[in-house]
Structures are given as structure tokens and as C-alpha cells.
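One structure below.
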Amino acid sequence: MLRTLLAAGALALSAFPGLAANGERVTVTGEVIDSWCYYSGVMGGPDAVTGSAHHTCALWCAAGGIPVGLLTEEGKIYMVLKWANNDKVADGKTMLSVQSHQLVADGIHYERDGIDYILVEEVSSDEGITLHNHEDYGFVPPFAQPGQ
Amino acid sequence: MKRIALLLAFSALAAPALAQDGEGPYSANSEAKSWSLFGEEKARFEAKVTDALCALTGDCPADCGAGERPMAVIRKDDNKMLLVNKSGAPNFTAANYRLSEFCNQDVEVDGLLVGDPDLTPGIGAKVYQVQLIRAVGSEEWLKTNLYTKQWAERYPEAKGKGPWFKRDPNVKAEIEKNGYFGLGLDADKAWLEENQ
């Protein structure tokens, strides 16, 4: 029986090695971003897909369940897997009220295969949207403009 | 100033086509469509489907979150975890619903690995856009465009003309409260008056 359980455990760890990983507590300061537009360049370079210019598009993507990231001032991206201990971060609702906000988040950090992840437990400060780049870029994409 | 902004915007929007590199170690036999994205590589491979939180922490619901958790695939060849960032549909949607149908199953996927740290600092690895999926052994590929069907069932009151993301009640509520730029309704009004 014990041998069977051990074998089953080894098999599970083989399938999901991350099960053995330990997270580390972090405090991260950064902007909540839409990770797809940032990674892919589909809407333009990184400066155009953050802040107020890209806010409506970021709402659309979060509503569509696309993973949200936390972009630090040092340029590191933490992909958000929990928000205030809610694990349904891709439900199309949870992340909308903080999209594009500059904030300080406390949580648990994991890294696997080159991607950083964060399980946010608490937002200790929220400054709202501080990057007012719509003054340079307008609406990104242009059809985010009302009436388009 | 506006001209500079327009130029910057144009160059930024044009940049993806310049950044395309196309081929990678998993590109053979891929039938994925190019989107001309940063660091794009076509990639078809076998993998196990999971949700990302499960893979990292062991918190594993049997349904992988039923479409409401970010999803990942663990590539069979090298046990590498790839975060699935996007569906194959050009409409601001993820592939979480379609992938959750294959929770804990061995599948074959076809799509694009995306991301280039030279163009977007802070990226440590590419993410995956899954365009097609099928169970290992199945001959039938499925598209990953399930989101809008799920969305329509969830929000029947939002039925109407135009794309789903402009009718989404949660997005509309956020915009009604904080505006299209997220800075308040006055900021929208000021910009529109100056630029229309």
C-alpha cells in the first residue's frame, strides 16, 4: 500500500514538478498591465500598451480572461494568479477595477521556466492610474475611442 | 507634439511586423497562423493541460478552475511549463474555457510562442497563444474560440450589435465609473474636445 502511494506521489511530481516548489514572500510595486498586448506587440511597443492610453484595451483583455501582469519599475513582470486570495483571476471581473493602476502588492512569488508569478494576498497601496500617456498616444488601439 | 505622438504610435504599431522571426524548434508540421508578433515562433507539441496555480502550488481543482484560472501546458518533451496567454481568436479573449475542457489530459496543441526580451524588457520566457488543440490520439483539431459562446450564456442581457467586449457589462460599468482612460469622465471629455 505504502509502495503504491509513494509511486503515485512520484508520478504526480513527475507530471507537475511545480508541486514541489516553494514560493517566497515578496512586496512588489508596479503597474497592473494586460500581459498579452505587452508581450506580443499586437497593439504597439511597450510604452504604448500601458497607462491611460491603453486602459480600455486592458479592460477588454482582462474581461476576456487574458492573464494580467504586474510590471515593476525595474521592468520585471509578475503574472497574477491570485488577487486578495481570490483564485478566479480570469473570471472577467476580478481584475477590472485595478487595471492600469500603480500599486504595491504583498504576496507569494513563484518562478518557473523563466516566468515570474505572484499570488497577491494584500494590496497595501493603490495610487490609481499614474501613467497619463494618452496625452502622447491617444487611444490604443484607436477603436477604443468612444464612438469608433 | 501631436505629430510626434502620432509618429511614435505609428512606429509602435508597425513594429510587430519587423520583429517576426517565425521558426523555432517546434515549428515543424505546425499549421498555426502567423500574427506577426514580437518573437513569434510557430509551435506544435504534445503537452499536459493544467492551470498555472495548480502547477505551481498543488492547489488543483478537478476542473482546472472551469475557465476562470489562467491556464498552462506542460510540454511533454522537456517538462517545460508554458503559460497560455491567448486564444486563437482576434477578439481580446483567452483560451481558458477550451483548455479547461482538457484539464489534466494529454493533448497536442498548435499555436505561437510569443515574446522577445530585446523588444519588451522584463520578459524571461515566451508565452503561448494556442490556436488549435486535440486530445492525443484524436484526429479532430478544435479551435480555441470558445470564449464568446460562454460569455453570451453568462450575460444574455448583453445581447446586441457590435463586438462582445463593447457590450460586456463589467467593462461598461468600469468605463461609466472611471472613463475610457480610467482617469475620470472629465479627462475623457477634455481629450475628446481637444482632438475631435
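Observations, loosely collected:
- Residues within the stretch B:107-129 that are open to solvent by 20 Å² or more (accessible area, probe 1.4 Å), at pLDDT 95 or above and more than 10 Å from chain A (Cβ to nearest Cβ), tallied: 1
- Hey, residue B:132 surrounded by 14 or more Cβ atoms within 10 Å (Cβ to Cβ), more than 9 Å from chain A (Cβ to nearest Cβ), outside any helix (DSSP H, G or I) and not small (Gly, Ala, Ser) or not: yes
- The stretch B:30-55 - residue that is in a loop (DSSP other than H, G, I, E, B) and open to solvent by less than 10 Å² (accessible area, probe 1.4 Å) and, of those, farthest from the other protein chains (Cβ to nearest Cβ): B:32
- Meets criteria (outside any strand (DSSP E or B), in contact with a helix residue (DSSP H, G or I) (Cβ under 6 Å, 6 or more places away or on another chain), closer than 17 Å to residue B:171 by Cβ and more than 7 Å from chain B (Cβ to nearest Cβ)) for residue A:58: no
- Any hit, the stretch B:79-90, residues being at pLDDT below 95 and either assigned by TED's automatic domain parsing to the domain that holds residue B:119 or more than 29 Å from residue A:25 (Cβ to Cβ) (or both): yes
- Residue-level analysis places residue B:84 among those that are assigned to a strand (DSSP E or B), within 10 Å of chain A (Cβ to nearest Cβ) and under 26 Å from residue A:141 (Cβ atoms).
- Flag if residue B:196 is more than 8 Å from every other protein chain (Cβ to nearest Cβ) and in contact with a Lys or Arg (Cβ under 7 Å, 6 or more places away or on another chain): no
- Residue pairs whose Cβ atoms lie under 7 Å apart, separated by 6 or more positions or on different chains, with the first residue in the stretch B:31-43 and not assigned by TED's automatic domain parsing to the domain that holds residue B:110 and among the small types (Gly, Ala, Ser) and the second open to solvent by less than 10 Å² (accessible area, probe 1.4 Å) and at pLDDT 95 or above, do not occur.
- Test for residue B:160: is it under 27 Å from residue A:139 (Cα atoms) and away from every other protein chain (no Cβ under 13 Å): yes
The values are calculated or read from the model by the stated rules, or taken from the named source; none is laboratory data. For clarity, every value in this text was computed on a predicted model and none was experimentally measured. All Cβ positions, glycine included, derive from the backbone under ideal geometry; neighbour counts span all protein chains shown. Please note that ligands, DNA and RNA were not included when accessible areas were found on the heavy atoms of the full protein model with its side chains. Shrake-Rupley method; radii C 1.70, N 1.55, O 1.52, S 1.80 Å.
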